[in-house]
1. Stokes-Einstein diffusion coefficient for segment 17-112 at 10 °C in a medium of 1.306 mPa s, Rh from the Kirkwood formula over Cα pairs: what value in µm²/s?
2. For the chain, set up a Gaussian network in which alpha carbons nearer than 10 Å are linked by springs, and say which option among 123, 106, 160 fluctuates the most.
3. Under 10 Å, Cα contacts only: if you run a Gaussian network model on the chain, which one of 28, 59, 139 comes out with the highest mean-square fluctuation?
4. On C-alpha positions alone, give me the angle between the axis of helix 136-149 and the longest principal axis of the chain, in degrees, nearest 10.
5. Which residue fluctuates the most in the chain, going by a Gaussian network model with Cα springs under 10 Å, if the choices are 83, 105, 122?
6. Would you please give the FRET efficiency between residue 227 and residue 108, computed as 1/(1 + (r/R0)^6) with r the Cβ-Cβ distance and R0 = 41 Å, to the nearest 0.05?
7. Starting from 0 in steps of 5 Å, tell me what percent of the Cα-Cα pairs of the chain lands in each bin.
8. Can you give the extra length, in nm with one decimal, that the chain gains between residue 124 and residue 73 once fully stretched, where that is 0.36 nm per residue apart less the Cα-Cα distance?
Ligand SMILES: Nc1ncnc2c1ncn2[C@@H]1O[C@H](COP(=O)(O)OP(=O)(O)O)[C@@H](O)[C@H]1O
Ligand SMILES: [Mg+2]
């Protein structure tokens, strides 16, 4: 059953603004004078093969890394939730599943926290498991549960579906389809892309110097596939 979370507080219209961003690693230019804006209600998917710069972009937006040049700004009244494999570090390996959530929301009622965990596929007889024994998929689910209990209004998700089984993916899609905030994400899952994206940033093209040439499409994923004829590399059909 998908979790019915509280709607997040409404943000301003300008959610993330990147102006004149340049970012290189050594000789490798990832972004060169790149402008990009995310507005309220947009749900961007970032497409591109391995090493195209998808994770770098999400980190620039989240403020985890700084550009060499240019400015990345988040808008007013923003509460951001960043998910990546590194986000699993918020989990304390020595706590149980229950303790992790109970400690994160001390003021919330026990039944509401049980419902949250149940929706993210941790039934009551499994919440006393220590986090240390959880699989990658279970850890991802727990982090997403914690993130969405009191939801941010801007989600930055780097491959959230990676270790999830099919049922968990479906649950996450159903949960997030009721989310009326703003999102930017990377996913190789076609169902997730189809269900979520209303804008596409394509990093798969290069300019004549071989640098990434970002292309923006103001359409849903499905329409982008029709228009361009490509599907994401590694997309699960
Ligand atoms: N900290 C870093 N130091 C050096 N090179 C990096 C670093 N982070 C990323 N890169 C390189 O930058 C490129 C883009 O990386 P990334 O944004 O992670 O790509 P993607 O997420 O699209 O696969 C890759 O070639 C990667 O090896
Ligand atoms: Mg990546």
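1. Answer, rounded: 99 µm²/s.
2. Highest fluctuation among the options: 106.
3. Among 28, 59, 139, the largest mean-square fluctuation in the Gaussian network model of the chain belongs to 28.
4. 90 degrees
5. 105
6. 0.40
7. With a bin width of 5 Å, the distribution comes to 1, 6, 14, 17, 19, 16, 12, 8, 5, 2, 0, 0.
8. Between residue 124 and residue 73, full extension yields an extra 14.2 nm.
Readers should treat all values here as calculations from the given coordinates under stated rules, not as data from a laboratory. Quantities reported herein were computed from a predicted structural model and do not represent experimental measurements. Neighbour counts are summed over all protein chains in view; Cβ atoms, including those assigned to glycine, are modelled from backbone coordinates with ideal geometry.
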